[in-house]
1. Can you spot a residue in segment 83-97 that is farther than 28 Å from E70 by Cβ, open to solvent by 10 Å² or more (accessible area, probe 1.4 Å), without any contact (Cβ under 8 Å) to a residue 60 or more places away in the chain and among the hydrophobic types (A, V, I, L, M, F, W, C)?
2. Filter segment 32-75 for residues that are assigned to a helix (DSSP H, G or I), modelled with pLDDT under 85 and open to solvent by 70 Å² or more (accessible area, probe 1.4 Å) and give the result.
3. In the set T320, T284, which member is within 26 Å of the chain's Cα centre (by Cα), β-branched (V, I, T) and within 16 Å of Q224 (Cβ to Cβ)?
4. Sort through G255, G280, G263, G286 and tell me the only one that's closer than 30 Å to E333 by Cβ and either in a loop (DSSP other than H, G, I, E, B) or modelled with pLDDT under 85 (or both).
5. Among the residues of segment 234-241, is any open to solvent by 30 Å² or more (accessible area, probe 1.4 Å) and in a strand (DSSP E or B)?
Amino acid sequence: MSDLTLHSNTESFIGDIKRLVEQGRNAAYGAVNAVMIETYWRIGQRIVEQEQKGKERAEYGTQLIEMLSEELTKTYGKGFSKRNLQYFRSFYLTFNNLEIVQTRLHNLKWSHILTTLRVEDPVAARWYLQTASQEMWSVRTLDRNISTQYFERHFKQPQILENPENKVVPDKLEILKSPIMAEFLGFKHDTDFSETELEKGLISHLQDFLVEMGRGFAFVARQQHIFTDMGDFYIDLVFYNYLLKCFVLIDLKKGQITHQDVGQMDMYVRMYDDLKRTEGDNPTIGIVLCSETSKDIARYSILHDSDNLFAAKYMPLMPTEEELRREIEQQKELYRLQQENK
């Protein structure tokens, strides 16, 4: 055996051992993390049970946590402050079913749970945690989605919360968030940018954009060429949604949506259904992604008559909480105008 071959075999051997060590460490970390989260849950459960025994005294719960924090800190050191014990208590009250914690949140870190505990609505908090687990959101992504009211913009889906395997297919309106937060593109106030720059920004930050679009999106193509006897056409962005089982076409518009924009997207959808859609696919969905939507367009254009055409607003800068709340209500109203009397 030559020195070169021996060296190659040795490198391969060492690489295999390193992979085994990494796999072992990851498995051990995952197991420790799961046990830690379950322990915190059980501590929260016992605190609540003990509080209920002394519920005739309003101050009992506060005194109980203070006493418990002092004793645990003496024995086990840091990590059992009053604030942390209150977090454990809140965790149990949000998810009081241990089986759900073990089966639906098994891949989350404690920092995921801490991030979600600031959500006041328990239904929303459970949805965030279950979706974070299913979609493999990082803590940063989870925090961002809470900050931009992801749950509220998806329109509440309680039927999914109660489905153990989360197999309920969301409605088209629930799977598309609007307005879309595009602050990751790096545009600044009063900055002029073109549709080409918008497209490049979305492509460069594709992972963030897919999360922002909603659940189940997979990227297919950019500037996809469609050739017909009418000429050449280029669709800005093409996705496939594995929950809706259909293609999703996106046309990017810098300004306010127009009737021409809607008509062009309607043509793209019809062409795509005819030329690209295969057996088993549902009808193609078309979205005009624009910086300004319009009530008149929603009410009087083909948007009003189509179940598969939508206008979605993007916001290149992160709005204030009040601005976001107002935009959410406006976009809901536009969807209502589009869908009424169908």
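The values are calculated or read from the model by the stated rules, or taken from the named source; none is laboratory data. Please read these numbers as outputs of a predicted model, since none were measured by experiment. As a convention, Cβ positions derive from the backbone with ideal geometry for all residues, glycine included, and neighbour counts pool all protein chains shown. Accessible surface is based on the protein model in full, side chains and every heavy atom, while ligands, DNA and RNA are left aside. Shrake-Rupley method; radii C 1.70, N 1.55, O 1.52, S 1.80 Å.
1. Checked segment 83-97: no residue is farther than 28 Å from E70 by Cβ, open to solvent by 10 Å² or more (accessible area, probe 1.4 Å), without any contact (Cβ under 8 Å) to a residue 60 or more places away in the chain and among the hydrophobic types (A, V, I, L, M, F, W, C).
2. V32, Q52, K53, T62, Q63
3. T284
4. Testing whether each residue is closer than 30 Å to E333 by Cβ and either in a loop (DSSP other than H, G, I, E, B) or modelled with pLDDT under 85 (or both) leaves just G255.
5. There is at least one residue in segment 234-241 that is open to solvent by 30 Å² or more (accessible area, probe 1.4 Å) and in a strand (DSSP E or B).
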